[in-house]
Each structure stands twice: as structure tokens, then as C-alpha cells.
Amino acid sequence: MSFSDFIDERMLVSKNVLGTKEMKIKVVEVSDETAPSQWKFGDRVKVNKILITIKHLESQKVEEGELDIEAVEQKLIEDRHYTSTNRWVPTKEIKNGYVINSRHTTLVSDAAALDMIVF
């Protein structure tokens, strides 16, 4: 493995405010829809499904679950008459199929608003 291919694990893991949990997000499915305004925002993909892994640091318990972001977005539109365009992720921020930690909040914000995920 060359140095340019190396990805630090800390880049892929985010922690909650109390430092008791770690989260890692893997992209499972992306849309084949083309990104609007590619010249302005760069290469992006629209994420449909993700696999969330949450590790409880105190007990070392690991929870894993698949989240259909597209379905969550539709549910949020129906329930709250609001949605955000947080499913578009720059390709540079996906490393070996995992989303870097700076994008975790934007990907799960709709699910958190509906109390589907607590982190």
C-alpha cells in the first residue's frame, strides 16, 4: 500500500459529545442521478442507503443498522413538510466506501430529527 492510498481510521470515525460512542458510516447504495451544478460544487454522489456502525466505548457493544436515507427524507417531507438536500456527498469525502467524519452529521440529520437514530 502506498502512502497516498493510506486512510487514517480517525478520519472515518466520529464521536458523540460525551465521548461515549463512536460512529462509522459506510455507503451501501448511491443514486444514478447526475449532480446539478457540477462546475460549482464538484463531483458529488447522491447517497440512498448507508450502513451505520455505533460502538459504545464503555461496554464495547457494537450496534449496526442500515438506513435508507431516501425513505427518511420522504417521511420527513410528509411529517414535517421540510427536508434538506443533505444526501449529496462529494466523492473526495468517501474513502474506501466510508464517509469521512465531517459528513456524518449531515447524512443522519433527517433521521435524528425524526428520532430514528440517537447518537
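The values are calculated or read from the model by the stated rules, or taken from the named source; none is laboratory data. Every value quoted in this text rests on a predicted model; they were computed, and no experiment measured them. Note that each Cβ is placed from the backbone with ideal geometry, even for glycine, and that neighbours are counted across all protein chains shown. Heads up: the accessible areas ignore ligands, DNA and RNA and are worked out on the full protein's heavy atoms, side chains in. Shrake-Rupley method; radii C 1.70, N 1.55, O 1.52, S 1.80 Å.
Structural remarks
- For the chain, alpha-carbon Rg and Dmax in angstrom: 15.0, 48
- Extension gain, Glu33 to Ile7, is 6.6 nm, computed as 0.36 nm per intervening residue step minus the present C-alpha separation.
- Share of carbon and sulfur in the accessible heavy-atom surface of the chain [1.4 Å probe, %]: 51
- Between the amide H of Leu57 and those of Lys21, Glu22, distances stay under 5 Å, these residues lying 5 or more places away or on another chain, with hydrogens modeled in the peptide plane.
- FRET efficiency, Asp43 to Gln74 (Cβ-Cβ, R0 30 Å, nearest 0.05): 0.70
- Whichever lysines have a C-alpha closer than 22 Å to that of Lys49, once near sequence neighbours (fewer than 8 apart) are set aside: Lys15, Lys21, Lys24, Lys26, Lys75, Lys92, Lys95
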